[in-house]
Amino acid sequence: MMESGTIRHLALEGGAWGIETDRGEKLLPINLEARFRVEGLRIRFRAEPASVMGIVQWGRAVRLADVLPSGE
């Protein structure tokens, strides 16, 4: 099932990219393509949990399976 959310640029530890879902969940995608790294961009996506260690303490780490701009 596709979810919807908004891309957020995080000014943490040198900068990172996150997704705030429409359900209020914070996700930290480990494989967000550069073309989607736009603050405020609305997307639809499918994600799987990712087991990674990182220094950014914001949200749950996920691996994106599908990403589309919200209008597509």
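Read-outs throughout are calculated quantities, based only on the coordinates presented, and are distinct from any laboratory measurement. Remember, predicted model here, so these are calculated numbers, not experimental data. With ideal geometry, Cβ positions are generated from the backbone for all residues, glycine too; neighbour counts draw on all protein chains shown.
Sparse packing (at most 11 other Cβ atoms within 10 Å of the Cβ) combined with a DSSP loop state is found for the following trypsin sites (Lys or Arg not before Pro) in the chain: Arg23. Computed 3J(HN,Hα) for the range 22-29, one whole-Hz value per residue from the Karplus formula 6.51 cos²θ - 1.76 cosθ + 1.60 where θ = phi - 60°, is 5, 8, x, 7, 9, 10, 10, x, glycine and proline marked x.
Summary value for the chain: 34 percent relative contact order, contacts being C-alpha pairs under 8 angstrom separated by 6+ residues. From the Kirkwood radius over Cα pairs of the range 3-69, Stokes-Einstein at 20 °C and 1.002 mPa s returns a whole-number translational diffusion coefficient of 182 µm²/s. Ordered by the count of other Cβ atoms within 10 Å of each Cβ, fewest first, Ser51, Ser70 give Ser51, Ser70.
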